[in-house]
Amino acid sequence: MALTVSAVALLLIIVLILLRTGYLRFGPGLAALLLGFFVASTGIAPTIRQALSSIATALAHITA
């Protein structure tokens, strides 16, 4: 759970910085957000979650 909250907070900060600097416009940002919600409700969501968890575990072992 802590990893999910940390990832969401980090991604939110990145998106806010990109919006503020003009590298990301509101329209494409909204489209990406909606795509994320739709993908989360499909059957591929557990696979994506597992892949991200594996990457996070690998990074934790590299830095430890």
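Here are the numbers:
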| item | result |
| --- | --- |
| Test: residue in segment 25-36 that is in a helix (DSSP H, G or I), at pLDDT 85 or above and either hydroxyl-bearing (Ser, Thr, Tyr) or within 14 Å of the chain's Cα centre (by Cα) (or both) | no |
| Residue in segment 30-64 that is most open to solvent (accessible area, probe 1.4 Å), counting only those that are among the small types (Gly, Ala, Ser) and over 17 Å from Ala7 (Cα atoms) | Ala64 |
| Residue match in segment 18-29 (condition: surrounded by 10 or more Cβ atoms within 10 Å (Cβ to Cβ) and polar (S, T, N, Q)) | no |
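The values are calculated or read from the model by the stated rules, or taken from the named source; none is laboratory data. These numbers were taken from a predicted model, which means no experiment stands behind them. Here the Cβ is made from the backbone with ideal geometry for all residues, glycine too, and neighbour counts use every protein chain on show. SASA here: full protein model, heavy atoms, side chains in, ligands and nucleic acids out. Shrake-Rupley method; radii C 1.70, N 1.55, O 1.52, S 1.80 Å.
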